[in-house]
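The values are calculated or read from the model by the stated rules, or taken from the named source; none is laboratory data. The shown structure was predicted, so the numbers you read here are calculated from the model rather than taken from an experiment. Note that each Cβ is placed from the backbone with ideal geometry, even for glycine, and that neighbours are counted across all protein chains shown.
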Amino acid sequence: MFRSVIQLIRVKDWIKNIVIFFPIIFSSNFYSLENIINVLVAFFIFSLTTSSVYILNDILDYKDDKLHKLKRNIKPLASESLSLNFSLILFFLFIIVITILLILFPELIYFILIYLVINVSYSFFLKKVKYLEMFLISIGYLIRLFLGSYIIEVETSLSLAISVFCLAMFVISIKRSLEVLNQETLRIKKLNYSIAILKLVSKINGAIFILCVFIFILFSNNILIIILPFLILVVYEYYKVSFSKNIGEFPIDLIFNEKKILFSSLIIICVTVFIYI
């Protein structure tokens, strides 16, 4: 049961929230203990918030997930390893804990509320609106970035913000492309996406991501240019592998299972942290 709960709250997806750490790294504020504590608290509260959204999505989508050949085996509700009632209780428990934490750390409340409003609206209504639903998911990563900047009182770089948004759009458009190709859920069928347009969206956003990272490097730290070839490799390999192996529906699993992408990503992270810290 414990394993099913971990799968339901998607702890491994907390890695997406490392965007919150970008501002403290790129602003070289990592030596401030107060900043580190503030960012860690923000990361923890935001991760609980994203988990509550994941639970809500699984509750609302569990019937649709039962039709998906992979999700019906790995999603706790779809596979019936957890009951719907238990998931509802866990969801409200998470909301109570998040509320208590926000009372203790009120400076985070606006970011958490905005994220919840967008994602609850997404879960109930907006995920049925073609293209807008991808845009809203990507906006979630900007909220993470702005939260990380706000908590340590630094301004968010425009080029960094565009990079984060375009990378999210790159990943989600590939995910949608694979879902359209597999045509296994009613929601995706109803959205009636064009694979050609989704692939174009992913290519354009991948290119803009690389360009904005290059601009960010020019204006922040020229030494960081050494990571650019690895970024290009990650973007290229991610796109290629997603379609050749049909695994782009699960971004985190793809990154950890593909050695080229994982190794290049680790180099990017290590070099960036070393340069700025």
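Can you go through PHE243, PHE209, PHE216, PHE250 and tell me which one is among the aromatic types (Phe, Trp, Tyr) and more than 30 Å from VAL129 (Cα to Cα)?
Only one candidate passes the filter, namely PHE216.
Which one is nearest to ILE55 (Cα to Cα) among residues in the range 81-96 that are among the polar types (S, T, N, Q) and in contact with a helix residue (DSSP H, G or I) (Cβ under 8 Å, 6 or more places away or on another chain)? Can you show your working first?
The initial filter retains those residues of the range 81-96 that are among the polar types (S, T, N, Q), namely 81, 83, 85, 87.
Next cut, in contact with a helix residue (DSSP H, G or I) (Cβ under 8 Å, 6 or more places away or on another chain) only: 81, 87.
Numbers: SER81: 14, SER87: 7 Å.
Here the answer is SER87.
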- Task: Among what's in the range 255-277 and is farther than 15 Å from LEU228 by Cα and aromatic (Phe, Trp, Tyr), pick the residue that is surrounded by the fewest Cβ atoms within 10 Å (Cβ to Cβ).
- Result: PHE274
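If only one of SER163, SER173 is assigned by TED's automatic domain parsing to the domain that holds TYR236, in a helix (DSSP H, G or I), without any contact (Cβ under 8 Å) to a residue 40 or more places away in the chain and among the small types (Gly, Ala, Ser), which one is it? Steps first, please.
Values: SER163 fails: without any contact (Cβ under 8 Å) to a residue 40 or more places away in the chain.
SER173 is the lone residue from the list that is assigned by TED's automatic domain parsing to the domain that holds TYR236, in a helix (DSSP H, G or I), without any contact (Cβ under 8 Å) to a residue 40 or more places away in the chain and among the small types (Gly, Ala, Ser).
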- All-but-one check, LEU67 against (1) modelled with pLDDT of 85 or more; (2) of a type in the set (A, V, I, L, M); (3) within 25 Å of LYS128 (Cβ to Cβ), failing number (1)
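Could you say which residue among LYS260, LYS175 is modelled with pLDDT under 95, closer than 22 Å to ALA161 by Cβ and touching an Asp or Glu at 6+ places or on another chain (Cβ under 8 Å)? Don't jump to the end; show me each part of the working.
Values: LYS260 fails: closer than 22 Å to ALA161 by Cβ.
Criteria check complete, one pass: LYS175.
Residues that are among the hydroxyl-bearing types (Ser, Thr, Tyr): which helices (runs of 4 or more DSSP H) entirely in the range 187-277 hold 1 or more of them? Outline the logic, then answer.
On the way: elements: 195-220, 228-244, 251-257, 259-276.
Those helices (runs of 4 or more DSSP H) span 195-220, 228-244, 259-276.
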- How about the range 182-197: which of its residues are closer than 18 Å to LYS66 by Cα and in contact (Cβ under 8 Å) with a residue 24 or more places away in the chain? ASN182, GLU184, THR185, LEU186, ARG187, LYS190
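Here is a yes/no grid of residues against (1) out of contact with any His (no Cβ under 6 Å at 6 or more places or on another chain); (2) under 20 Å from ASP58 (Cα atoms); (3) crowded, with 20+ Cβ neighbours inside 10 Å:
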residue: ILE151; (1), (2), (3): yes, no, yes
residue: LEU158; (1), (2), (3): yes, no, no
residue: PHE165; (1), (2), (3): yes, no, yes
residue: ALA168; (1), (2), (3): yes, no, yes
residue: ILE174; (1), (2), (3): yes, no, yes
residue: GLU179; (1), (2), (3): yes, yes, yes
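Go through the range 141-160 residue by residue and tally those that are assigned to a helix (DSSP H, G or I) and either touching a helix residue (DSSP H, G or I) at 6+ places or on another chain (Cβ under 6 Å) or among the hydroxyl-bearing types (Ser, Thr, Tyr) (or both).
If we filter the range 141-160 for residues that are assigned to a helix (DSSP H, G or I), which is where we start, we get 141-151, 158-160.
After this cut, where a residue has to be either touching a helix residue (DSSP H, G or I) at 6+ places or on another chain (Cβ under 6 Å) or among the hydroxyl-bearing types (Ser, Thr, Tyr) (or both) as well, the list is 141-145, 147-151, 159-160.
Counting residues in the range 141-160 that are assigned to a helix (DSSP H, G or I) and either touching a helix residue (DSSP H, G or I) at 6+ places or on another chain (Cβ under 6 Å) or among the hydroxyl-bearing types (Ser, Thr, Tyr) (or both) gives 12.
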- Note on the structure: ILE55 vs (1) farther than 29 Å from LEU181 by Cβ; (2) crowded, with 18+ Cβ neighbours inside 10 Å: all pass except (1)
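If I go through the range 22-47 residue by residue, how many of them are among the aromatic types (Phe, Trp, Tyr) and at pLDDT 95 or above?
Step one: of the range 22-47, the residues among the aromatic types (Phe, Trp, Tyr) are 22, 26, 30-31, 43-44, 46.
Remaining after also requiring at pLDDT 95 or above: 43-44, 46.
Matching residues across the range 22-47 total 3.
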- Message: Could you check the range 201-227 and list, in sequence order, the residues that are without any contact (Cβ under 8 Å) to a residue 12 or more places away in the chain and closer than 14 Å to LEU167 by Cα?
- Response: ILE204, ALA207, LEU211
- Query: Taking the range 218-254 as the region of interest, how many residues are under 17 Å from the mean Cα position of the chain (by Cα), crowded, with 18+ Cβ neighbours inside 10 Å and β-branched (Val, Ile, Thr)?
  - Reply: 2
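So if I check each of VAL97, VAL120, which one is in contact (Cβ under 8 Å) with a residue 60 or more places away in the chain, within 23 Å of LYS16 (Cα to Cα) and surrounded by fewer than 17 Cβ atoms within 10 Å (Cβ to Cβ)? It would help to see each step written out before you state the result.
Values: VAL97 fails: in contact (Cβ under 8 Å) with a residue 60 or more places away in the chain.
Answer to the check: VAL120.
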